Amino acid sequence: MLSYRHLFHAGNFADVFKHALLARLLLAFGGKDKPYFYLDTHAGTGRYDLSHEWAWKKREFENGISKLWDRKDLPAALAPYMDIVKAENPKGRLRYYPGSPLIALRLKRPGDRVLLTELNKTDFATLETLVAREHHVAAHCLDGYQALKSFLPPAEKRGLVLLDSSFDRPREFPRIVKALKEAHLRWATGTYAIWYPLMERAAMRDFAWSIEKSGIRKVLRLEMIIGTVGEDNFMRGCGMIVVNPPWKFDAEARPLLDWLSQALALEGRSGAKVDWLVPE
Ligand SMILES: C[S@@+](CC[C@H](N)C(=O)[O-])C[C@H]1O[C@@H](n2cnc3c(N)ncnc32)[C@H](O)[C@@H]1O
């Protein structure tokens, strides 16, 4: 039984971070002629109505996309992501927030292939309806970790896997590292983007260490803190590991995340960090 529903969190700071980076990654893939493959293992519903009572329960979007909505000074690197959000809201008032599947759909070219998996049956039904008429887009009600085994390596040879777990079960970090290692054995040249929440320091150290000793190389780590709370300076933030990032993605992401971390800052320390956890 899956209790997590993304509508409660849609458009929050973590979504902005993740989707802004996702758009940059997909644009980089679209910069070459050959078609690419995109697998979204934890796809969600694809689009979120921020006027729904679930979204209003904690109004997390107010500390995320709402803070960017009226800004006139967005960095150019954020424009493709914001254009997609704006296109979902043609009346000029923020109501619909695009999830990762919709971002991929808007950036895909005719020959690119998109594969989406979502385990929650209700959310999957919404997703399936959203993408039903799209070409070269398939959605499956399937465990995302199983999808890595079933669909990799892809015929296209180049592409991106987004692993965006809801972290609603214990031991998700070891599960992710195990899945990444197995997927990398199947498809070593693929790009993998793995989103994670910043948790207590020991858990983050273990996660980083388990990737460092996995044998996988060319691992970029991107993190953003929007505030620190409590006596132990607990961090409110999130991160993304990108294995085999596109060329110069690190240089592009650094100023983008610096800007975002300031635009979304709450009380306490905020900032962003982009470093090579494992170099080439
Ligand atoms: C963080 S949300 C995804 C948000 C989406 N990627 C986006 O950015 O718009 C995580 C989703 O994963 C789904 N989920 C949880 N465990 C899963 C699993 N093992 N396989 C596939 N989906 C899963 C949840 O139902 C939830 O919709």
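The values are calculated or read from the model by the stated rules, or taken from the named source; none is laboratory data. Keep in mind that what you see is a predicted model, and the values were worked out from it rather than measured. Virtual Cβ from ideal backbone geometry, glycine too; neighbours counted across all protein chains shown. SASA here: full protein model, heavy atoms, side chains in, ligands and nucleic acids out. Shrake-Rupley method; radii C 1.70, N 1.55, O 1.52, S 1.80 Å.
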Q) Using only helices, what value at 222 nm comes out for the chain when you add -39,500 (n - 2.57) per DSSP H run of length 4 or more and divide by the total residues, to the nearest 500 deg cm²/dmol? A) -11500 deg cm²/dmol
Q. Considering only protein heavy atoms, what is the solvent-accessible area of His136 at a probe of 1.4 Å, reported in Å² to the nearest 10?
A. 100
Q | Cα centroid of region 109-127 to Cα centroid of region 1-20, whole Å | A | 16
Q: Kindly report the accessible area of the chain per residue (heavy atoms of protein chains, probe 1.4 Å, no ligands, DNA or RNA), in Å².
A: 48
Q.
For a quick check of understanding: with a 1.4 angstrom probe and all protein chains in place, what accessible area in square angstrom does Phe29 have, to the nearest ten?
A. 20
Q: Summarise the accessible area of the chain (1.4 Å probe, protein heavy atoms) by the percent that is carbon and sulfur.
A: 53
Q. Taking a ≥ b ≥ c as the square roots of the eigenvalues of the Cα gyration tensor of the chain, is the shape rounded (a/c under 1.5), prolate (a/b larger than b/c) or oblate?
A. rounded
Q) Simple spin-label model, 7 Å along Cα-to-Cβ: Arg171 to Leu185 in nm? A) 1.8
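Once the piece of chain linking Thr129 and Lys149 is laid out straight, how much longer is it, given 0.36 nm per residue of separation minus the C-alpha distance between them? Intermediate values should be presented prior to the final figure.
Working: separation 20, 0.36 × 20 = 7.20 nm, distance 2.52 nm.
4.7 nm is the gain from fully extending Thr129 to Lys149.
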Q | Amide H contacts under 5 Å for Gly237, placed H, 5+ residues apart | A | Leu198, Ile226
**Q.** Calculated FRET value between Ser210 and Lys34, using beta carbons and R₀ = 35 Å, to 0.05
**A.** 0.60
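Find the all-direction average of the projected area of the Cα convex hull for region 44-117, expressing the result in square nanometres with one decimal place.
Details: hull surface 23.8 nm².
Its Cα hull, projected and averaged over all orientations, spans 6.0 nm².
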Q | Where labels lie 7 Å past Cα in the beta-carbon direction, separation of Glu88 and Glu280 in nm | A | 3.6
